[in-house]
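Please read the structure below before turning to the comments.
Each value in this text was obtained by applying a stated rule to the coordinates, not by laboratory testing. Remember, it's a predicted structure, so these values are computed and weren't measured experimentally. Cβ atoms come from the backbone with ideal geometry, glycine included; neighbour counts cover every protein chain shown.
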Amino acid sequence: MAPSHSNSRSVDDSDSKHGESTAWTETQTATATATHLGEPALYVKDLDYTAEEEAAVVRILDIRLFPWILLTTFVLNMDRTNHSNAISDNLPADLGFTINTVNTGTAIYSVAFSIFCFSGAVMAKIVGPARWIPILMFAWGLVTLAHALIKDKAGYLTVRVFIAITEGGVIPATLIYLGGYYKSTELSTRLGWFWGVQAIASAVSGLMASGLLQLRGKSGLEGWKWLFIVDGAITVFVSVIMWFYLPRNVNSTKGGLRGFKPWFTPRQVQIAVTRVIRDDQSKREYEKRVTRADFKDAATDLDLPTVIKSFHFNVFVSNALTAPPYVLQAIIMIIVIRHSDKVRERGFHGAFGSAWQLVGWILLRAMPNSASRGVKYFGAVVVASWPYNHPLNIGWMSENTGSVGKRTVASGAVIFAANIYGVWASQIYQADDAPYFKRGNSINIAFAGFTTILWVVQKYYYRHLNRRNEREYAALNEQEKLEEDSQAAKKGNRSLTFKYTT
């Protein structure tokens, strides 16, 4: 996870030379350690630092903080994927209902998950994400364990509601947390890793399921109950570790499992805070609890084990075979998103991901029913390994909303849209369409094709806005330009000086 670099200077610092190796002089020390209410200032407007110093700060974050964030999302997606693994082990039949009840449960889950994504962001502001993340993890770990107590349809639907409530807020809280440590030019790549690890978690979950489901009958429990018990126990254990590890901010890295010494020197703390605010002036409104911002949530593929099982592999092989496409997805997604960050282009990269998925759905739909299991599996791999472009969605939204308030509202919309789709997506694969799901695959072709077009349309819409702003700004007189410049921070992306990322 090499750190990505951008100018360590802001418009406010245009009189200094970026990248110049500058000694830490007494005058600069006095400026940088100016106090606010008796405490050293963390954001220093005229702080001078080199690209190498900034890279050292990012490297510490990437080594000492980010891997732990990846662990939280790994556990989350492992728990979310175990539902589809459990279904492949005949959970519906064991509880006395059909796949249609599972679809209903998925729809209910999607609504509750989406709603509680909003509450998760709000609670992160109140409690602090470093505390709210482990609290939520502990709660959904307990609910995951509770799956082993399900006896009937009512119990199943009740537990699915509570798992959605407890899981719904963790990704918004986590992404708000990351927004306080990383610049916008660094965040998309980290989000690529974030969702890449989710894909890896899905792969590991499939491999775990292929073993744990074979415990069916042990202690009188179905295999899928053993799967929930093990996953729930792991989640509870990790949540306790996170409580004692996650720092509140860059100035609170000493103590607990973090170690006896702080991660950063006082100067590095100032660099860490200043560079983020220089990148986005609206983050002046972040309190040191880092509880405001930005980016939101995604859902996972709930149907892959079921689809692969329909190719007539046994349940254990079906779950093991889900691993390769998830691993491929993680690798391909990270490559695509890192390239997007490098060239600072979003629209075509997002369209590429959607087009990849479109090709996969077409392959599955076009295959004759008599195709071999290997050929069908290849089609499923193409679909599932598409470069997931939700991190690009989040990064694009963040870059193109110019104020914390508006970005928070937009983030809520992204969270909601990324999960509410489960209401209708859960109805795509119906029992009367099994086992080849021709109708369902046709619906997915339409969705993927439409999404591919939308990425390109959005890109050219932003280009249009940039050209319009340039024309209108050029038509202003000098006094009007000064007024527009002075209002840039307040207007955000409505300012004529704002440049959209395309």
What is the extension gain from E478 to D432, computed as 0.36 nm multiplied by their sequence separation minus the C-alpha to C-alpha distance, in nm to one decimal? 9.7 nm
Rh (Kirkwood, all Cα-Cα pairs) for the range 41-144, Å, reads 17.5 Å
Taking the beta-carbon count within 10 Å as an exposure proxy, list E399, E484, E470 from fewest neighbours to most. E470, E484, E399
Between their Cα atoms, which of K376/K438; K183/K499; K438/K459; K218/K376; K45/K261 are more than 24 Å away from each other? K438/K459; K218/K376; K45/K261
Assertion target for W396, W356, ordered by fewest C-beta neighbours within 10 angstrom first, is W356, W396
Sorting M333, M367, M123, M242 on the 10 Å Cβ count, fewest up front, what's the list? M367, M123, M242, M333
Please go through the range 75-164 and write out the trypsin sites (Lys or Arg not before Pro) that DSSP classes as loop and that have at most 14 other C-beta atoms within 10 Å. K151
